[in-house]
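Accompanying notes for the structure given below.
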Amino acid sequence: MKHSLNQNTKAHVAKKPRIFDRNIFQEVNAAALPQLESLCSHWLGQGRKEGREYVALNPTRADNRLGSFRINLISGKWADFATGDRGGDAISFYAYIEGMSQIEAARALAIDLGVAS
């Protein structure tokens, strides 16, 4: 089960395509990082904080044991050590768990985090 942004945000993203430059990616990731623990909890459901990491089940596969899917809450880097899937920031993480492109994820997060309207 995917834990995505609300339907209004998705509709807004679909209706208002925007061209993003590298700065907006940096702004979105900077806005997401301080909220990453609560975002992980919302997006992933079952999981827990262990030191600097959030450990959860990977929603993209039949994962039944905590441990291999981890998100660093300080840097935003994430990895599924069972599959080798990994990324370096909140945008790539959200894109991965939602099965969307990074530009789509950046747009959705920008709106949800109030970085862009």
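Taking the condition over 21 Å from Phe25 (Cα atoms), without any contact (Cβ under 8 Å) to a residue 12 or more places away in the chain and not in a strand (DSSP E or B), does Ala62 pass?
Yes, satisfied.
For the range 69-76, indicate whether the set of residues that are closer than 13 Å to Cys40 by Cβ, surrounded by fewer than 18 Cβ atoms within 10 Å (Cβ to Cβ) and at pLDDT below 95 is non-empty. Checking the range 69-76: not a single residue is closer than 13 Å to Cys40 by Cβ, surrounded by fewer than 18 Cβ atoms within 10 Å (Cβ to Cβ) and at pLDDT below 95. The criterion of being loosely packed, with under 15 Cβ neighbours inside 10 Å and on the phi > 0 side of the Ramachandran plot holds for Gly51. Every test in (1) over 12 Å from the mean Cα position of the chain (by Cα); (2) surrounded by fewer than 19 Cβ atoms within 10 Å (Cβ to Cβ); (3) in contact (Cβ under 8 Å) with a residue 24 or more places away in the chain is passed by His42 save one, and that test is (1).
The values are calculated or read from the model by the stated rules, or taken from the named source; none is laboratory data. Just so it is clear, the structure is predicted and the values come from calculations on it, not from any experiment. For neighbour counting, all protein chains shown are included, and Cβ atoms are generated from backbone atoms with ideal geometry for every residue, glycine included.
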